[in-house]
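So the structure is just underneath, and the comments pick up after that.
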Amino acid sequence: MRYVEEFRDPKAARALIARIAEATDAIGATREEPVRIMEICGGHTHAIFRYGLDKLVHEGIEFIHGPGCPVCVLPMARVDECVEIAEKPGVIFTTFGDAMRVPGTKGSLMQAKARGADVRMVYSPLDALELSRRNPDREVVFFGLGFETTTPSTALTLLQAAREQIPNFSIFCNHITVPPPLKALLDDPWMMLDGFVGPGHVSMVIGVHPYDFIARDYGKPIVVAGFEPLDLLQSVLMVLEQIREGRAEVKNQYARVVPEHGNPVSLAAIEEVYEPRPSFEWRGLGEIDASGLRIRPAFAAWDAEEKFGIGYAAGPRHVEEPEGCACGQVMTGRIKPTACPRFGNGCSPETPLGALMVSSEGACAAYWQYGGARVAAE
Ligand code: SF4
């Protein structure tokens, strides 16, 4: 546990909590009129609940859970398209485990597998590429899903497939980018956000400057944060201190991991393989301009959308959420998961109605895992 314990030190945590309380009082925030801080990343949401930070900090701080869980923001139409590809004859459909149980209108990939589709869980897109080498008579499709954190690995895998001219491998690209939905949230007058805790892993790739517009154009502070309790407490304090002093800046609490300008190798791979889509649909947020990536025409031979005539290549497709599902409202911070009428009432990790209950980074899964099941039973 070396290198981790120092970020979980109770004495240091108590000192930070006291400083947070002092800053919150100085701002004048109360439970009735809280400071609203959005933690963008689902990994941060889980860390906040795992360590009980929401209970430990001053009651005048409200954590708003952001859209930084790629599985959660995937609309049902994209899940349906995955199932459609997976059920085509001769296809081996590969995906990370998180996406296996996300429900679409035709069930999940797991249910498609039970119906006979060849759906396989992989740990890396390179595993999928290896499957295509071993199965030259089959079409192997990798479900490319995620933010800038995972986009480079699919880009580098596609470049490898292109170098080897592997014809039976393709990527169903659903990669998305963090800054555009933040702009959409900031433009939403309902949100009333006071500051942000920025995503640590995404920022390892893109650096901190893509968030400059948040401070410059919207006057809101943002602090890129790590995932240990002291990281999060210190980041909250850094946001509060800016608010207290009337500043709005982009700060990097996670400098031990996040380079200011990101990772140039990853950024070059993304640039070579992908281009922005005109728009992309997000669960709960709708279509957002330039928020999704598509494979450049030069690599169309490895683009599952082109190969199967499915997805945005066939035109945008929208599917309504199931009746009573409040995923969209939770995704946009309008309500907490426990306020969803289906939380524990038809939606649980065993029988998920929405992706937020399935994903390891989902807000509903966090509430359920760290006490929500008890709330639902009460
Ligand atoms: S409890 Fe289920 S239906 Fe309600 S918001 Fe969460 S995932 Fe969606």
Inset, instruction - Test residue 283 against the stated conditions and say whether it is surrounded by 15 or more Cβ atoms within 10 Å (Cβ to Cβ), within 16 Å of the ligand (Cβ to nearest atom) and free of Cβ contacts under 8 Å to residues at least 24 places away in the same chain. - result: no
Legend entry - Residue in the range 288-337 that is surrounded by the most Cβ atoms within 10 Å (Cβ to Cβ), counting only those that are touching a Gly at 6+ places or on another chain (Cβ under 6 Å) and more than 19 Å from residue 276 (Cβ to Cβ): 327
Inset, instruction - Of the conditions (1) within 16 Å of the ligand (Cβ to nearest atom); (2) out of contact with any helix residue (DSSP H, G or I) (no Cβ under 6 Å at 6 or more places or on another chain), residue 276 clears all except one; give me its number. - result: (1)
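Which one is farthest from residue 42 (Cα to Cα) among residues in the range 92-113 that are assigned to a strand (DSSP E or B) and polar (S, T, N, Q)?
Quick first cut of the range 92-113, residues assigned to a strand (DSSP E or B) only: 92-95, 104, 107.
Right, trim to polar (S, T, N, Q) and you get 94-95.
Numbers: 94: 23, 95: 19 Å.
Among residues in the range 92-113 that are assigned to a strand (DSSP E or B) and polar (S, T, N, Q), the one farthest from residue 42 (Cα to Cα) is 94.
Of the residues that sit in the range 353-364 and are near the ligand (Cβ under 6 Å from one of its atoms) and in a loop (DSSP other than H, G, I, E, B), which one is nearest to the chain's Cα centre (by Cα)?
Of the residues in the range 353-364, the ones near the ligand (Cβ under 6 Å from one of its atoms) are 353-354, 356-357, 364.
With the extra rule that they be in a loop (DSSP other than H, G, I, E, B), the set shrinks to 353-354.
Details: 353: 18, 354: 15 Å.
Here the answer is 354.
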Inset, instruction - Mind listing whichever residues of the range 128-156 are out of contact with any strand residue (DSSP E or B) (no Cβ under 7 Å at 6 or more places or on another chain) and outside any loop (DSSP other than H, G, I, E, B)? - result: 130, 133, 134, 152, 153, 156
Inset, instruction - Can you run down the residue pairs with Cβ atoms below 7 Å, 6 or more apart or on separate chains, where the first is in the range 26-38 and over 11 Å from residue 62 (Cβ atoms) and the partner is at pLDDT 95 or above and acidic (Asp, Glu)? - result: none
Legend entry - Residue match in the range 292-315 (condition: free of Cβ contacts under 8 Å to residues at least 12 places away in the same chain, within 13 Å of the ligand (Cβ to nearest atom), more than 20 Å from the chain's Cα centre (by Cα) and part of a loop (DSSP other than H, G, I, E, B)): no
Inset, instruction - Could you check residue 268 against (1) in contact with a Phe, Trp or Tyr (Cβ under 9 Å, 6 or more places away or on another chain); (2) assigned to a helix (DSSP H, G or I) and say which number it fails? - result: (1)
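Considering the range 225-274 alone, what residues qualify as being aliphatic (A, V, I, L, M) and under 27 Å from residue 157 (Cβ atoms)? Before the answer, list the steps.
Residues of the range 225-274 that are aliphatic (A, V, I, L, M), as a first pass: 225, 230, 232-233, 236-240, 243, 248, 250, 255, 257-258, 265, 267-270, 273.
Scanning the range 225-274 gives 257, 258, 265, 267, 268, 269, 270, 273.
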Inset, instruction - Output the number of residues of the range 249-265 satisfying the condition of being in contact (Cβ under 8 Å) with a residue 40 or more places away in the chain and part of a loop (DSSP other than H, G, I, E, B). - result: 8
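Hey, among 237, 293, which residue is of a type outside the set (Val, Ile, Thr) and in contact with a His (Cβ under 6 Å, 6 or more places away or on another chain)?
Residue meeting the stated conditions: 293.
Being within 7 Å of the ligand (Cβ to nearest atom), at pLDDT 85 or above, part of a loop (DSSP other than H, G, I, E, B) and under 21 Å from residue 36 (Cα atoms), is that true of even one residue in the range 331-344?
Step one: of the range 331-344, the residues within 7 Å of the ligand (Cβ to nearest atom) are 337, 340, 342-343.
When the remaining residues are screened for being at pLDDT 85 or above, the result is 337, 340, 342-343.
Now narrow it down to the ones that are part of a loop (DSSP other than H, G, I, E, B): 340, 342.
Now drop any that are not under 21 Å from residue 36 (Cα atoms), which leaves 340.
The answer is yes; a qualifying residue exists.
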Inset, instruction - Return the total of residues in the range 68-91 being in a helix (DSSP H, G or I) and either closer than 26 Å to residue 178 by Cα or of a type in the set (A, V, I, L, M) (or both). - result: 10
Legend entry - Single residue of 214, 171 found to be over 29 Å from residue 56 (Cβ atoms) and either part of a loop (DSSP other than H, G, I, E, B) or modelled with pLDDT of 95 or more (or both): 171
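The values are calculated or read from the model by the stated rules, or taken from the named source; none is laboratory data. Here the structure is a predicted model, which is why all the values come from computation and not from measurement. FYI the Cβ positions are ideal-geometry reconstructions off the backbone, even for glycines, and counts take in every protein chain you see.
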